[in-house]
Structures are given as C-alpha cells and as structure tokens.
Amino acid sequence: MYPRSFHYHRAGSLEEAVSMLGQLGEGAKFLAGGQSLIPLLKLRFANPEHLVDLNFIPGTSFIKEDSGALHFGAMTRHAEIEHSALARKIPVLHDCAAGIADVQVRNRGTIGGSLAEADPSGDWTNALITLDTIVHCLGPSGARTIQLRDFIKDAYTTALAHDELVTEVEVKIPPQGSGGAYLAFKRSAPVYPSASAAVQLTLAGDVCQDAAIALGCVGLTAIRATEAETALRGNSLSDKTIATAAEAARAAADPQTDMRGSAEYKRQLVVALVKRAIQIAVRRARGEQVEGAHLYA
Amino acid sequence: MPETATVEKIAVKININVNGKLYARQVEPRMLLVEFLREACDLTGTHVGCDTTYCGACTVLMNGLAVKSCTMFAVQADGSEITTVEGLEKDGKLHPIQKAFGDSYGLQCGYCTPGLMLSTHQLLSGNPEPSEKEIRKAIAGNTCRCTGYMNIFKAIELAGRNMKGA
Ligand SMILES: Cc1cc2nc3c(=O)[nH]c(=O)nc-3n(C[C@H](O)[C@H](O)[C@H](O)COP(=O)(O)OP(=O)(O)OC[C@H]3O[C@@H](n4cnc5c(N)ncnc54)[C@H](O)[C@@H]3O)c2cc1C
Ligand code: FES
Ligand code: FES
C-alpha cells in the first residue's frame, strides 16, 4: 500500500520544523515515529502534501530529572522510557511505556507523537493525566507550556496550533507516600487496549489522602473518575471502599461497542482494572516494588 | 501515480547500509522501507504480510533495533544500518539463530521466519538467557500462523545458548 505522493522535508532544528510547517501551510504535517501517521497515510485517511520529518533533529530524545520533575524530549521513544531506570522513579511511566503495542512499535513511536495524536485509546494521555503533567510547546510566536488536561481538547484534538510542536513532556515526581499504577487490557500485543485505568494515590498510614483515577478507551478522551476518587479520599482502603470506587468508575465510563468489545464488557473491564490498579498503587505507596504492566488476553 | 516530472522533483537521494553494503538510490519519499529493500535492493527475504503494522513479517533491524519496515519510509532510514535476514548468514555459515530455528523445527511455511529471527536478534543481543516470559514479550509483535509458537520458543532458547557458547 502506497500513501499519496508527498514532498519530504527534513528539519534540522525544532525552530526550523515550526517555520517549515508555517511556510508549507495547511497541507503539511510533522512526522515523528510514524506509528500512527504512516498507517493512516497508507490507508489514505490522511493525505498531506508535505511531511516535515522530526527524526533527524539532534537533542530531541532525552530523559532527565530537574527540579523535582522528569523531563522527556518529544522524540523519546516508548522503548527508551521502558528501559530507563530514571523513568522508573514514577512507576506509572514504566507500566505505560512497557505495554504499548510491541517491541517494534515501541522502538519507533514517541511520547510527543502520542500526545499530539490524542487518540482516545492511546496510553500516554490516560497514564499522565493522573500526574502533574505539563506539555512544553513551540510555535511561531515562541514557547509555551500547557497543563495536559488543557492540552487534550477532544478525540484526536489538542490545543496545538497547526504549526506548533510538542517539544518536551514534564512530569512532576509524586511525593513520598504516593503510589500509582497503570493497567490496560488488550486482546493481543499490537493492538490498542479495550480499556485502561490509571491510579495515583497518596497515603497517610492506612488513610487515602489524595486520589486520582483516570479511565482510557471508554470515552472520547481520558475520563477522570471523580466520584471514584471521592470514594477513596479520607478513607482507609478496605476491600469495601475499593469496590465502591470501582463501581463509581463503572458509572463514569462511557464506552462504545466496537471490535474491541461490547460496551458492557468494557464497563466490566473498568471495574476489574480499577480495583487491581488501586491494589498495586497502595503496595507501591508503601514502598513495595510491584511489576505490573498491561495485560494481554 | 504523479507525472514523471513531479516524481523527479520530489525524489530524494538516500544512502542506506544494508547488510554491510551501501545502497545509494534516488527514491520517492512515499517509498516504504520494505519496498526499498525488496525492489530497489532486490532483497526479497523481508516479507510483507499484513501491510498494516500488525504481523511483523517485515521486521528488520535498524541500527540494531527491530522495526516494522512496512511502517517506515526509506527516506527515514537514510544514513542508517539495516540488517535483513540475508545479512544473518556469514561466509556461507548460518547464523546461530537461523541454525536454531531449523534444528528446533521453529518454522513451517517460513513466511514469518525472517521477521521472527530479527526480533530474536534484538532480544538475544541484550539477553542471551531470556525467560519464557521475556521471549513472549520480545516476539509479541510477530505473528506465526503455522507453528503454534512452542517450537519458536525452543529455537530462541537454543539460539541464546549457542550464541553464549560461541
Ligand atoms: C500496531 C500498533 C499498535 C499500537 N498500539 C498502541 C497502544 O496500545 N497504545 C498506544 O498508546 N499507542 C499505540 N500505538 C500508537 C503508537 O504509540 C504511536 O507511536 C503513537 O500514537 C504516535 O507516536 P508517533 O511518534 O509514532 O507519531 P506519528 O505517527 O509520527 O505522529 C502522530 C501525529 O502527531 C503529530 N506529531 C508527532 N509528533 C509531534 C510533535 N512533537 N509535535 C506536534 N505534533 C506531532 C503528527 O503530525 C501526527 O499527526 C500503536 C501503533 C501501532 C502501529
Ligand atoms: S507487513 Fe509489516 S507488520 Fe505486517
Ligand atoms: S511458519 Fe508459517 S507463518 Fe510462521
């Protein structure tokens, strides 16, 4: 399968990429890992006249810690995050990166491309929305930062202008006593999940001080399950409390029946994933090491 | 197809090192890496199965990392080193991975095998003694319609042992 013919441009710097896109106009698009865009081009769902390749820009792939936050260059591949010891400081990030698609897709796909794509079934947005995440952008009039919750506008829609780039993703390291988990259920490795859940909890002894719960693939964007959060906050995390929260998450989910499962099946998945993610988050908040990534069928 | 004049205007000159040999070619930007390998380099060992980034039959190594060559443009591999199944054999001797797939009956029709061997290559380069779980994760992006995978797991374990001993 061949995409429509297009002109290829290789940007040497982020600034050049932005100005190229501005000059080339509406018919131009950025190309990052290509793991969302190239399949769309091959199916001719997208037919840009120009592609501006970001892959040859030096210094856009990095993971570093600075002022209590982890910083990821936009072109950092999922696999680089999966294998990074530093990224494990926030276990949700490793959970997320290690479970996206398969080895080959993770070797190419980027965190910046994932956020820019805003696929409602994508993993990064859902995992990062429970954390304090800031998206760094660069446009023709300069740089700006946007909170992730304001960055994602709708399915496949972000706050980015046409010629604006994601340059960096900044994730604040949660405080001591905080633990998180990200779980997604997939039918096989190289497919998007049927449902996913991200949980971040802060404990004081046995009592849950703060909770963030997000659901993926069951709405047009990641859904914050606020009532589920309320069910946990201020309570000790007994099985009963956890079950109440999971039921509240079921009610918050708004899934569609499709090839990944019926709406009812996905609601059921949400209940199971939220329960399990809370249990892992609690153990991690207490300092336990728990391996837990996406689950395959 | 665009007019020939347009194709020439948008064509890009690239240099890709495939299996240790430099291929300098003028290509249309939309040419996929797998088509470049099969048609411009005449290396037909890399297969196209699904053409939709699912099956992994088109897997090659780019600078040592497994990628699906149906989901990359050849222009993006400019300046890089690509290894295809044809590059595994050295001086007429099969690579330990190739030998192990044969010895363990890790293939039947063989359509998936080039891709599987290159995913195996990335795995074993960093980890010659993978657990079954690690093997499963490493080849989760490669579909085999024939074997049921059990002999493939055996082949990968055997290849790891042989490579470590070598
Ligand atoms: C078989 C398969 C299975 C997959 N399964 C999953 C999965 O389970 N979970 C998951 O999360 N993802 C999955 N993906 C998608 C994968 O994670 C993609 O890599 C990701 O969604 C997009 O990142 P990319 O770097 O490949 O972006 P590209 O495909 O290159 O670009 C995507 C879009 O974002 C724009 N863009 C890219 N980078 C930037 C930037 N820095 N600034 C502004 N705009 C930009 C592009 O113009 C394009 O419109 C899967 C992909 C495949 C092929
Ligand atoms: S042909 Fe490339 S993944 Fe199937
Ligand atoms: S041997 Fe036939 S598809 Fe794997």
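Remarks
- Scanning segment A:207-229 for residues that are surrounded by 20 or more Cβ atoms within 10 Å (Cβ to Cβ) and over 14 Å from the mean Cα position of the chain (by Cα) gives A:208, A:211, A:212, A:218, A:225, A:228, A:229.
- Wholly within segment A:1-77, strands (runs of 3 or more DSSP E) carrying at least 2 residues that are within 20 Å of the chain's Cα centre (by Cα): A:28-31, A:63-66, A:69-73
- Contact map, segment A:35-58: residues that are within 10 Å of chain B (Cβ to nearest Cβ) and β-branched (Val, Ile, Thr) paired with residues that are outside any loop (DSSP other than H, G, I, E, B) and buried (at least 20 other Cβ atoms within 10 Å of the Cβ), Cβ distance under 6 Å, separation 6+ or inter-chain. Pairs shown: A:38/B:71.
- One residue alone among B:76, B:122 is away from ligand 3 (no atom under 16 Å from the Cβ), within 14 Å of another protein chain (Cβ to nearest Cβ) and surrounded by fewer than 23 Cβ atoms within 10 Å (Cβ to Cβ), and that residue is B:122.
- Residue B:143 falls short on exactly one of the conditions (1) farther than 17 Å from residue B:59 by Cβ; (2) within 16 Å of the chain's Cα centre (by Cα), and that condition is (1).
- Subset of segment A:168-183 (residues that are crowded, with 19+ Cβ neighbours inside 10 Å and touching a Gly at 6+ places or on another chain (Cβ under 9 Å)): A:168, A:169, A:174, A:179, A:181, A:182, A:183
- Residues of segment B:51-73 satisfying the condition of being within 13 Å of ligand 1 (Cβ to nearest atom) and open to solvent by 10 Å² or more (accessible area, probe 1.4 Å): B:51, B:52, B:53, B:54, B:55
- In segment A:111-125 there is no residue that is out of contact with any His (no Cβ under 7 Å at 6 or more places or on another chain) and assigned to a strand (DSSP E or B).
- Condition met for residue B:131 (among the small types (Gly, Ala, Ser) and in contact with a Lys or Arg (Cβ under 6 Å, 6 or more places away or on another chain)): no
- Residue in segment B:140-166 that is farthest from ligand 3 (Cβ to nearest atom), counting only those that are open to solvent by 10 Å² or more (accessible area, probe 1.4 Å) and in contact with a Ser or Thr (Cβ under 6 Å, 6 or more places away or on another chain): B:158
- The single condition from (1) open to solvent by 10 Å² or more (accessible area, probe 1.4 Å); (2) away from every other protein chain (no Cβ under 14 Å); (3) in contact (Cβ under 8 Å) with a residue 40 or more places away in the chain; (4) within 16 Å of ligand 3 (Cβ to nearest atom) that residue B:109 fails is (3).
- First in segment B:36-50 and away from ligand 1 (no atom under 16 Å from the Cβ), second anywhere and part of a helix (DSSP H, G or I) and open to solvent by 50 Å² or more (accessible area, probe 1.4 Å), Cβ under 7 Å, 6 or more apart: B:43/B:86; B:44/B:38; B:45/B:86; B:46/B:38
- Enumeration of residues in segment A:77-118 that are β-branched (Val, Ile, Thr) and open to solvent by 10 Å² or more (accessible area, probe 1.4 Å): A:100, A:103, A:105
- Against the list (1) closer than 20 Å to residue A:114 by Cα; (2) within 16 Å of ligand 2 (Cβ to nearest atom); (3) in contact with a helix residue (DSSP H, G or I) (Cβ under 7 Å, 6 or more places away or on another chain), the condition residue A:52 fails is (2).
- Per the conditions (1) of a type outside the set (Gly, Ala, Ser); (2) in contact (Cβ under 8 Å) with a residue 60 or more places away in the chain; (3) open to solvent by 10 Å² or more (accessible area, probe 1.4 Å), the sole criterion not satisfied by residue A:270 is (3).
Residue by residue, here is whether (1) within 14 Å of ligand 2 (Cβ to nearest atom); (2) under 22 Å from residue A:39 (Cα atoms); (3) touching a Gly at 6+ places or on another chain (Cβ under 9 Å); (4) among the hydrophobic types (A, V, I, L, M, F, W, C) holds:
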position	(1), (2), (3), (4)
B:18	no, no, yes, yes
B:25	no, no, no, no
B:35	yes, yes, no, no
B:47	yes, yes, yes, no
B:50	yes, yes, yes, yes
B:90	no, no, no, no
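- For segment B:133-166, the set of residues classified as within 14 Å of another protein chain (Cβ to nearest Cβ) and farther than 19 Å from residue B:96 by Cβ consists of B:133, B:136, B:137, B:140, B:141, B:143, B:144, B:145, B:149, listed by residue number.
- Residue within segment A:97-114 that is among the hydroxyl-bearing types (Ser, Thr, Tyr), farther than 17 Å from residue A:174 by Cα, in contact with a Cys (Cβ under 7 Å, 6 or more places away or on another chain) and touching a residue at least 24 places away in the same chain (Cβ under 8 Å) present: no
The values are calculated or read from the model by the stated rules, or taken from the named source; none is laboratory data. The shown structure was predicted, so the numbers you read here are calculated from the model rather than taken from an experiment. All Cβ positions, even for glycine, are placed from backbone atoms using ideal geometry, and neighbour counts span all protein chains on display. Heavy atoms of the whole protein, side chains included, go into the accessibility calculation; ligands, DNA and RNA do not. Shrake-Rupley method; radii C 1.70, N 1.55, O 1.52, S 1.80 Å.
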